[in-house]
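Asks: Pasting in a structure now, in structure tokens, and then I'll have a few things to ask.
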Amino acid sequence: MTDYTAPLRDMQFLLNELGHLQRIAALPGCEDLGSDLVDAILAEAGRFSGEVLSPLNVIGDREGARWNDGEVRTASGWKQAYSQFVEGGWNALSCEPEFGGQGLPRLVSALVEEMWNGANVSFGLCPMLTRGAIEAIELRGSEHLKETYLPKMVSGEWTGSMNLTEPQAGSDLAAVRSRAEPQGDGTYKVFGQKIFITYGEHDLTDNIVHLVLARVPGAPEGVKGISLFVVPKFLINADGSLGARNDVRCVSIEHKLGIHGSPTAVLAFGDKGGATGWLVGEENRGLEYMFIMMNAARFSVGIEGIGLAERAYQRAVAYARDRVQGGELGVKSRDKVAIIRHPDVRRMLLSMKSRTEAMRALACEVAVAMDIAQRHADASERQQAQAFVDLMIPVIKGCGTENAIDIASLGVQIHGGMGFIEETGAAQHLRDARITSIYEGTTGIQAADLVGRKIARDGGQAIRALIERMRTVEAQLRSGDDATLLIIAQALGDGIDALEQAIAFIVAQYGDHPARVLAGSVPFLELFGLVAGGWQLAGAAQVAQQHLAQGGDAGFYQAKLHTARFYAEHLLVRANGLVSVVLQSGDVVLAMDDEQF
């Protein structure tokens, strides 16, 4: 069983040859961020992910997290690995320097984050949730909350958790029943139960800072009556030391299909008189604040998908090179060959490789926009970048995770019968990936958000601005006489045409027929992600061709061209089928009576 190897060359291609690092170098706070420094960060993150986290992945899967009388122990070696993670400063990578962070741009931290997830997604979930909690406190917390919690959360000495879901609520947060009673001294007593709380209890750190949705007395019904509270596992003394245990108890942890190393807790608040909590921001605006964490988490879950896809591909290609079976078609020799010589195996590997690279490139494009939206001196530039980020978050999350599941499944297929055997490791990637399209909002929720809030609400303005950028790349590829680039340009152009048809339908129909439009929203999300990925690979192919003409690394750049062409000819061609589903499938989806299912 092989360990994970960070795809550093592909990451460097995105940063340097495609110019992403140059795009952010002029932003305030990024002036000293040269390629040598970034290469060093990525190389060290790659070493840590491959040497420390990857060997623990199968251990976490087999041992799992263990619950005993309210306490949770992580798998062997995890606590030591987390200590090394904190000592290395990795938790603070993209956090604000004011609270001990390193202030690196999201572009860099996103690539590092992919490595954690590729090596050990169950481990990577812990710092992901902590970072989301940090962002919520940074943006809406009082000075007291910031000073009390952020330094230790940024360093990683304490972790954070996100407490939304309840047994009766699921994804319907309007049904949240947890309550918070004001005590008159600035604190609240919190009561209720939360489920599916990732790293809600563990032994990696001394304290866990829970961010909890609850209702105050007299709050309006529905989502407008939800507030957000900081509820620590241990209360904090005036000198910053840990005080008494708060009234928060881990009732159990879930037994899951995958991500066994990550404890998913059921937490009870207030069984012994009430858990002490502090309000974040204003009462009844908790869901608004929680979406700060949610959007950050959704992007990160998309990154999880990319990391898992990369890991599944690495394992599959290693097996395909080693597994000798059958002769090579079209060759007279009777010698057995590695299965990587078989056409269908090659097709599956190229599907895995091309989709992974497309999603990585698209995530980097979004990360650049995040940095521009946060750091650019010009308000209009920040606004345009944020509009692009808002548009793309559901695409990164939805398509990144759905692709990961399919790519991990292809990895099992390439292994044949051995892929169904746990010892090869291929099955774990599929089991681990399966949750990613569910949590932080299912794919259907992402698609509804994309269609309703991000496209119909602004009349398609943001997505049409993106299409202009896609058309520019298409025109650049068509301007030359390179046969491969022309093939890619044709497929990209056809895909954009299909996307434009779907957008026109959504804008025209959503106001009067939202259910009809939403019936095709997931196929639209797939269509959008497919074309956006093709746009990214087309740009990569253009740059690769330029480097080949200049005598660059022939093997690497030719692979870029082959990958982009495969994506164009095998995947982008599906756009016309998807747009037909978007335009025509709504009526039949809604036509059947409930009893007919």
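Asks: Tell me whether region 392-410 contains one or more residues that are within 24 Å of Arg346 (Cβ to Cβ), modelled with pLDDT of 95 or more, among the hydrophobic types (A, V, I, L, M, F, W, C) and over 19 Å from the mean Cα position of the chain (by Cα).
Replies: yes
Asks: What do you reckon, is Arg62 surrounded by 24 or more Cβ atoms within 10 Å (Cβ to Cβ), basic (Lys, Arg), modelled with pLDDT of 95 or more and out of contact with any strand residue (DSSP E or B) (no Cβ under 8 Å at 6 or more places or on another chain)? Steps first, answer last, please.
Replies: Values: surrounded by 24 or more Cβ atoms within 10 Å (Cβ to Cβ): no; basic (Lys, Arg): yes; modelled with pLDDT of 95 or more: yes; out of contact with any strand residue (DSSP E or B) (no Cβ under 8 Å at 6 or more places or on another chain): yes.
Judged against the criteria, Arg62 is not a match.
Asks: Please state which of the following conditions Gly132 fails to meet, knowing it meets all the rest: (1) closer than 26 Å to Trp278 by Cβ; (2) in contact with a strand residue (DSSP E or B) (Cβ under 7 Å, 6 or more places away or on another chain); (3) at pLDDT 95 or above.
Replies: Of the numbered conditions (1) closer than 26 Å to Trp278 by Cβ; (2) in contact with a strand residue (DSSP E or B) (Cβ under 7 Å, 6 or more places away or on another chain); (3) at pLDDT 95 or above, the odd one out for Gly132 is (3).
Asks: On the given criteria, is Val108 crowded, with 23+ Cβ neighbours inside 10 Å, within 28 Å of Lys194 (Cβ to Cβ) and out of contact with any Phe, Trp or Tyr (no Cβ under 9 Å at 6 or more places or on another chain)? Don't jump to the end; show me each part of the working.
Replies: Details: crowded, with 23+ Cβ neighbours inside 10 Å: yes; within 28 Å of Lys194 (Cβ to Cβ): no; out of contact with any Phe, Trp or Tyr (no Cβ under 9 Å at 6 or more places or on another chain): yes.
Criteria not met by Val108.
Asks: Can I ask one more? Filter region 420-431 down to residues that are without any contact (Cβ under 8 Å) to a residue 40 or more places away in the chain and in a helix (DSSP H, G or I) and give me whichever is surrounded by the most Cβ atoms within 10 Å (Cβ to Cβ).
Replies: As a first pass, look at region 420-431 and keep what is without any contact (Cβ under 8 Å) to a residue 40 or more places away in the chain: 420-422, 427.
Adding the requirement that they be in a helix (DSSP H, G or I) leaves 420, 422, 427.
Details: Phe420: 13, Glu422: 13, Ala427: 20.
Top of the filtered list is Ala427.
Asks: Return the total of residues in region 205-226 being buried (at least 24 other Cβ atoms within 10 Å of the Cβ) and either within 26 Å of the chain's Cα centre (by Cα) or not in a strand (DSSP E or B) (or both).
Replies: Going through region 205-226, the residues buried (at least 24 other Cβ atoms within 10 Å of the Cβ) turn out to be 208-214, 226.
This time we only want the ones that are either within 26 Å of the chain's Cα centre (by Cα) or not in a strand (DSSP E or B) (or both), so: 208-213, 226.
Count: 7.
Asks: Pick out, from region 1-69, the helices (runs of 4 or more DSSP H) lying fully within it that include 3 or more residues that are among the acidic types (Asp, Glu). Outline the logic, then answer.
Replies: Numbers: elements: 8-12, 20-25, 35-48, 54-63.
The qualifying helices (runs of 4 or more DSSP H) are 35-48.
Asks: Somewhere in region 322-333, is a residue in contact (Cβ under 8 Å) with a residue 40 or more places away in the chain and either part of a helix (DSSP H, G or I) or closer than 29 Å to Ser437 by Cβ (or both)?
Replies: No, because not a single residue in region 322-333 is in contact (Cβ under 8 Å) with a residue 40 or more places away in the chain and either part of a helix (DSSP H, G or I) or closer than 29 Å to Ser437 by Cβ (or both).
Asks: Next up: Here are some conditions: (1) touching a helix residue (DSSP H, G or I) at 6+ places or on another chain (Cβ under 7 Å); (2) touching a residue at least 60 places away in the same chain (Cβ under 8 Å); (3) within 25 Å of Ile445 (Cα to Cα). His513 meets all but one. Which one does it not meet?
Replies: Condition (1) is where His513 drops out.
Asks: In region 66-89, what residues are hydrophobic (A, V, I, L, M, F, W, C) and touching an Asp or Glu at 6+ places or on another chain (Cβ under 9 Å)? Spell out the reasoning first.
Replies: The initial filter retains those residues of region 66-89 that are hydrophobic (A, V, I, L, M, F, W, C), namely 67, 72, 75, 78, 81, 85-86.
Matches in region 66-89: Trp67, Val72, Ala75, Trp78, Val86.
Asks: What residue, among those in region 433-483 that are buried (at least 17 other Cβ atoms within 10 Å of the Cβ), modelled with pLDDT of 95 or more and acidic (Asp, Glu), is nearest to Gly534 (Cα to Cα)?
Replies: Across region 433-483, the extreme among qualifying residues is Glu474.
Asks: Related question: Identify the single condition in (1) of a type outside the set (Asp, Glu); (2) under 15 Å from Leu572 (Cβ atoms); (3) without any contact (Cβ under 8 Å) to a residue 12 or more places away in the chain that Gln550 does not satisfy, given that it satisfies every other one.
Replies: Unmet for Gln550, out of (1) of a type outside the set (Asp, Glu); (2) under 15 Å from Leu572 (Cβ atoms); (3) without any contact (Cβ under 8 Å) to a residue 12 or more places away in the chain: (2).
Matching residues to (1) surrounded by fewer than 24 Cβ atoms within 10 Å (Cβ to Cβ); (2) closer than 15 Å to Asp497 by Cβ; (3) more than 27 Å from the chain's Cα centre (by Cα):
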residue	(1), (2), (3)
Leu537	no, no, no
Gln545	yes, no, yes
Gly555	yes, no, yes
Leu561	yes, no, no
Leu571	yes, no, no
Val588	yes, no, yes
Glu595	yes, no, yes
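Asks: Are any of the residues in region 98-105 closer than 20 Å to Pro232 by Cβ, at pLDDT below 95 and of a type outside the set (Gly, Ala, Ser)?
Replies: Checked against the condition, which is being closer than 20 Å to Pro232 by Cβ, at pLDDT below 95 and of a type outside the set (Gly, Ala, Ser), region 98-105 yields at least one hit.
Asks: Another question, if that's okay. State the number of residues belonging to region 280-289 that are in contact (Cβ under 8 Å) with a residue 40 or more places away in the chain, surrounded by fewer than 24 Cβ atoms within 10 Å (Cβ to Cβ) and either part of a helix (DSSP H, G or I) or of a type in the set (Lys, Arg) (or both).
Replies: Residues meeting the conditions: 3.
Asks: Consider Arg346 against the criteria (1) basic (Lys, Arg); (2) more than 18 Å from the chain's Cα centre (by Cα); (3) over 22 Å from Phe556 (Cβ atoms): it satisfies all of them except one. Which criterion is unmet?
Replies: (3)
Asks: Name the one entry in Glu135, Glu114, Glu166 that is assigned to a loop (DSSP other than H, G, I, E, B), touching a residue at least 24 places away in the same chain (Cβ under 8 Å) and in contact with a helix residue (DSSP H, G or I) (Cβ under 8 Å, 6 or more places away or on another chain). Before the answer, list the steps.
Replies: Numbers: Glu135 fails: assigned to a loop (DSSP other than H, G, I, E, B); Glu114 fails: assigned to a loop (DSSP other than H, G, I, E, B).
Glu166 is the lone residue from the list that is assigned to a loop (DSSP other than H, G, I, E, B), touching a residue at least 24 places away in the same chain (Cβ under 8 Å) and in contact with a helix residue (DSSP H, G or I) (Cβ under 8 Å, 6 or more places away or on another chain).
Let's see how each residue does on (1) in contact (Cβ under 8 Å) with a residue 40 or more places away in the chain; (2) more than 11 Å from Glu201 (Cβ to Cβ); (3) in a strand (DSSP E or B):
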position: Val231; (1), (2), (3): yes, yes, yes
position: Gly240; (1), (2), (3): yes, yes, no
position: Ala244; (1), (2), (3): no, yes, yes
position: Val251; (1), (2), (3): yes, no, yes
position: His255; (1), (2), (3): no, yes, no
position: Gly258; (1), (2), (3): yes, yes, no
position: Ser262; (1), (2), (3): yes, yes, no
position: Ala265; (1), (2), (3): yes, no, yes
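Asks: Now a separate question. Mind checking which pairs have a first residue in region 567-592 that is closer than 21 Å to Gln536 by Cα and touching a residue at least 24 places away in the same chain (Cβ under 8 Å) and a second that is among the polar types (S, T, N, Q) and surrounded by fewer than 18 Cβ atoms within 10 Å (Cβ to Cβ), Cβ under 8 Å, 6 or more apart or different chains?
Replies: The qualifying pairs are Ala568/Gln490; Val579/Gln501.
Asks: Also, I was wondering about something else. Does Tyr199 count as modelled with pLDDT of 95 or more, among the aromatic types (Phe, Trp, Tyr) and on the phi > 0 side of the Ramachandran plot?
Replies: Values: modelled with pLDDT of 95 or more: yes; among the aromatic types (Phe, Trp, Tyr): yes; on the phi > 0 side of the Ramachandran plot: yes.
For Tyr199, the condition - modelled with pLDDT of 95 or more, among the aromatic types (Phe, Trp, Tyr) and on the phi > 0 side of the Ramachandran plot - is met.
Asks: Can you report the number of residues in region 91-111 which are more than 20 Å from Gly261 (Cα to Cα) and in a helix (DSSP H, G or I)? Lay out the reasoning, then the answer.
Replies: Residues of region 91-111 more than 20 Å from Gly261 (Cα to Cα): 92-111.
With the extra rule that they be in a helix (DSSP H, G or I), the set shrinks to 92, 97-99, 106-111.
Here the count works out to 10.
Asks: Okay, moving on. Please state which one of Leu145, Leu139 is surrounded by fewer than 24 Cβ atoms within 10 Å (Cβ to Cβ) and modelled with pLDDT under 95.
Replies: Details: Leu145 fails: modelled with pLDDT under 95.
Matching residue, one of Leu145, Leu139: Leu139.
Asks: Run Ala175 past the list (1) aliphatic (A, V, I, L, M); (2) surrounded by fewer than 23 Cβ atoms within 10 Å (Cβ to Cβ); (3) touching a residue at least 12 places away in the same chain (Cβ under 8 Å) and report the number of the one that doesn't hold.
Replies: Ala175 satisfies all of (1) aliphatic (A, V, I, L, M); (2) surrounded by fewer than 23 Cβ atoms within 10 Å (Cβ to Cβ); (3) touching a residue at least 12 places away in the same chain (Cβ under 8 Å) except (3).
Asks: Please find, among Gly529, Gly495, Gly452, the residue that is part of a helix (DSSP H, G or I), under 27 Å from the mean Cα position of the chain (by Cα), more than 30 Å from Thr165 (Cβ to Cβ) and of a type in the set (Gly, Ala, Ser).
Replies: Only one candidate passes the filter, namely Gly495.
The values are calculated or read from the model by the stated rules, or taken from the named source; none is laboratory data. Keep in mind that this is a model prediction, so the values were computed, not measured. Using ideal geometry, Cβ is built from the backbone for each residue, glycine included, and neighbour counts are taken over all protein chains shown.
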